[in-house]
Structure formats: structure tokens, C-alpha cells
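These notes are about the structure you will find just below.
The values are calculated or read from the model by the stated rules, or taken from the named source; none is laboratory data. Note that this is a predicted model, so its numbers are computed, not measured. FYI the Cβ positions are ideal-geometry reconstructions off the backbone, even for glycines, and counts take in every protein chain you see.
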Amino acid sequence: MIVVNDIATLRKEVNQWRLQGLKVAFVPTMGNLHAGHISLITEAHKHADKVVASIFVNPMQFGQNEDIENYPRTLAADQKKLADADTDLLFTPTPAVIYPKGLDKQSFVEVPQVSEGYCGESRPGHFRGVATVVCKLFNIVQPDVACFGLKDFQQVQVIQTMVDDLSMPIDIIPVPTVREPSGLALSSRNNYLTEEELKIAPALSQNIQWLAEQIKQDNDFIGLAKQAANFINNAGLKTDYIHICHAKTLQPASEDDKELVILAAAHCGKARLIDNLQVNL
Ligand code: PAF
């Protein structure tokens with residue numbers, strides 16, 4: 001695996017592949033890799049000849065009250081996992097490489113509508129930061145396809161919308177969430193959970209499952225979501241939101257909608273967990 005941290009070297013390497021007519025897949029990450037990330041690399045191999053991954057803890061997507069300094073950084077272990085998964089190139093830029101002018105003078109990408117609400121409401125500016133860095137990374141790597149985990153369902157919609165709106169010639173591949181046997185979605189944030197919290201954290205996915213079953217029989221979406229929030233709170237978590245939405249627009253679902261997604265977030269100790277489930281009625 002080639003490891004590079006500057007744009008010129010990355011472009012030189014990727015250009016050589018292009019000249020040979022090879023297809024390139026890209027998996028952007030913030031590191032602290034787990035089996036969910038590796039499933040993205042595995043999926044990427046199915047769609048391309050070469051796989052590029054990046055590790056960049058993107059300051060633009062963290063809010064002022066969010067602790068970017070203590071975000072887990074495990075580069076040596078991450079590098080080994082990526083090499084073991086046959087990643088061809090790892091890009092590990094510093095903030096100065098990505099944002100040479102600093103954050104304040106940097107142009108940004110704002111994706112309307114799908115960025116609003118849910119995590120966009122709880123984390124103002126978060127999706128602007130995600131869209132901007134993904135746009136920059138796409139322009140740097142110029143991949144044919146890029147893989148993103150469906151655990152971050154709203155993020156996938158934001159990126160797909162950006163790609164459509166800005167006519168980027170990149171296929172976005174959504175990859176199913178990898179879960180613990182308890183149902184808990186794998187996330188770097190699970191590292192913040194104590195042993196006790198790990199026991200209650202699966203209440204989030206369990207109650208999303210419960211809600212999915214209920215809405216197949218009853219279209220009181222708002223009332224049922226409130227009940228699910230109470231169950232999550234009673235388990236010892238603090239629900240941030242749980243909503244039943246149209247799977248494409250992410251607008252609150254109406255009675256006639258058939259393609260739905262349940263989006264949810266809850267605090268468990270120091271960790272803010274998110275999860276979702278697509279439901280087709
Ligand atoms: O999902 C993530 O890890 C990040 O939001 C991403 C897509 C790598 C952008 O920083």
C-alpha cells in the first residue's frame with residue numbers, strides 16, 4: 001500500500017493508473033477504523049481495479065462544542081487494517097494540505113434540504129463541513145466510484161445530492177451497516193462507551209426495529225415515534241430524535257409514502273449514537 005500525504009504525489013500515482021485504463025474507487029474516512037470501514041474497502045474492490053482510502057479528521061464538520069482534539073487517532077493500526085484489506089493507496093493529509101487558507105477563508109459546499117433537520121439540526125454546520133471536504137477529496141482523487149456507509153444515512157443522501165446537483169461523474173455506492181451481535185451499529189463513537197453503557201446502547205437499534213414493525217400495521221407515525229423515543233429513554237439513553245421519513249427526500253413521511261427510513265440519534269454517556277432502518281411498506 002502506497003501512503004501519501006500531499007496532493008501532487010497522490011495525483012501522480014492515480015494518473016498512472018488512469019493511463020493504464022484502470023478504474024478507481026475511493027473510501028474517505030476519519031480513521032479509527034473498524035469492520036464497518038473495512039466492509040467499505042471490500043465493496044470498493046468489487047467496483048474498481050484500484051482502491052484509494054483517505055484518513056482525515058475534518059475540522060470543518062466538527063461544531064465548536066465538539067471535541068475534535070480528543071477524536072480517536074489510531075493511524076498505525078488503521079494503516080495495517082487497510083493494507084490487510086488490499087487498499088492500494090492511503091491518503092493522509094494534514095489540515096494545512098486540505099485547508100491551506102484556514103477554515104474561515106475557504107469556499108464551501110452547502111447542500112440544501114437533505115442537510116436540514118435531524119443531524120443537521122443537532123449539529124449546525126456539520127453537513128456543510130462533510131460536503132465541502134468530500135467535494136475537495138473527490139476533486140483530488142477523481143475516483144470513478146466512492147463508497148459510504150449507510151449508518152450515516154443522512155450523510156449518504158447529502159453526498160448523493162451534491163454529486164447530482166454539481167454533475168460530478170462519480171457513482172456513489174451505499175454500503176449496509178455492520179452491527180455487533182447485539183444489533184448496535186459499529187461506530188468509532190462506540191469507543192466512548194463504558195461496559196455498562198455497551199449493555200444499554202443496543203436499545204437504540206432494538207427500538208428502531210420495533211418501530212419498523214409497528215408502522216407496517218399502523219400509520220400513526222408521530223405517535224409511534226414518540227413511543228419509541230420513550231422506550232429508548234427508559235432504557236437509559238437520551239433520545240436526540242427519532243423520525244419516520246421519506247427515504248429519498250428525508251421529509252417527514254406522509255400516509256401515502258411507501259419508501260421510508262427511520263432516522264434516530266441518542267446520547268449514551270459521552271457518545272452520541274446514530275442509527276437508521278429503511279422500511280418499504
Ligand atoms: O463518515 C465519515 O467518516 C466522514 O463524515 C467523511 C465522509 C469521511 C467526511 O469527513
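On the basis of being out of contact with any helix residue (DSSP H, G or I) (no Cβ under 8 Å at 6 or more places or on another chain) and of a type in the set (Ser, Thr, Tyr), does residue 42 make the cut?
Taking the combined requirement at face value, the residue satisfies it.
In segment 124-149, how many residues are within 11 Å of the ligand (Cβ to nearest atom) and aliphatic (A, V, I, L, M)?
Qualifying residue count for the region: 6.
Looking at segment 50-73, which of its residues are away from the ligand (no atom under 14 Å from the Cβ) and surrounded by 13 or more Cβ atoms within 10 Å (Cβ to Cβ)? Talk me through it step by step, then tell me what you get.
Looking only at segment 50-73, we keep the residues that are away from the ligand (no atom under 14 Å from the Cβ), and these are 50-51, 64-65, 67, 69-70.
Within segment 50-73, 50, 51 meet the criteria.
Considering only segment 185-202, state which residues are among the hydrophobic types (A, V, I, L, M, F, W, C) and in contact (Cβ under 8 Å) with a residue 40 or more places away in the chain.
Answer for segment 185-202, where residues must be among the hydrophobic types (A, V, I, L, M, F, W, C) and in contact (Cβ under 8 Å) with a residue 40 or more places away in the chain: 185, 186, 193, 200, 201.
Check 204, 198, 193 and return the single one that is more than 16 Å from the ligand (Cβ to nearest atom) and either out of contact with any strand residue (DSSP E or B) (no Cβ under 7 Å at 6 or more places or on another chain) or modelled with pLDDT under 95 (or both).
Unique residue meeting the criteria: 198.
Residues in segment 131-157 that are closer than 14 Å to residue 261 by Cβ and in contact with a Ser or Thr (Cβ under 7 Å, 6 or more places away or on another chain): how many?
Count: 2.
Give 92, 29 a once-over and let me know the one that is of a type in the set (S, T, N, Q), touching a strand residue (DSSP E or B) at 6+ places or on another chain (Cβ under 9 Å), more than 18 Å from residue 187 (Cβ to Cβ) and at pLDDT 95 or above.
92
Taking strands (runs of 3 or more DSSP E) that do not extend beyond segment 1-61, which have at least 2 residues that are farther than 18 Å from residue 169 by Cα?
2-4, 50-55
Given the condition among the aromatic types (Phe, Trp, Tyr) and within 15 Å of the ligand (Cβ to nearest atom), answer yes or no: does some residue in segment 1-23 qualify? Working first, answer last.
Going residue by residue through segment 1-23, those that are among the aromatic types (Phe, Trp, Tyr) are 17.
Right, trim to within 15 Å of the ligand (Cβ to nearest atom) and you get none.
Within segment 1-23 (the criterion being among the aromatic types (Phe, Trp, Tyr) and within 15 Å of the ligand (Cβ to nearest atom)), the answer is no, since none of the residues qualifies.
Quick check on my filter: what residues within segment 110-168 are basic (Lys, Arg) and under 13 Å from the mean Cα position of the chain (by Cα)?
Of everything in segment 110-168, just one residue is basic (Lys, Arg) and under 13 Å from the mean Cα position of the chain (by Cα), namely 151.
Based on this model, can you work out whether residue 109 counts as more than 21 Å from residue 31 (Cβ to Cβ), outside any helix (DSSP H, G or I), within 13 Å of the ligand (Cβ to nearest atom) and not hydroxyl-bearing (Ser, Thr, Tyr)?
Yes.
Do any residues in segment 74-88 that are over 9 Å from residue 1 (Cα atoms) have Cβ atoms under 6 Å from those of residues that are in a loop (DSSP other than H, G, I, E, B), where the two are at least six apart or on different chains, and which pairs are they?
As it stands, the answer is 74/32; 78/31; 78/33; 81/33, since those pairs meet every condition given.
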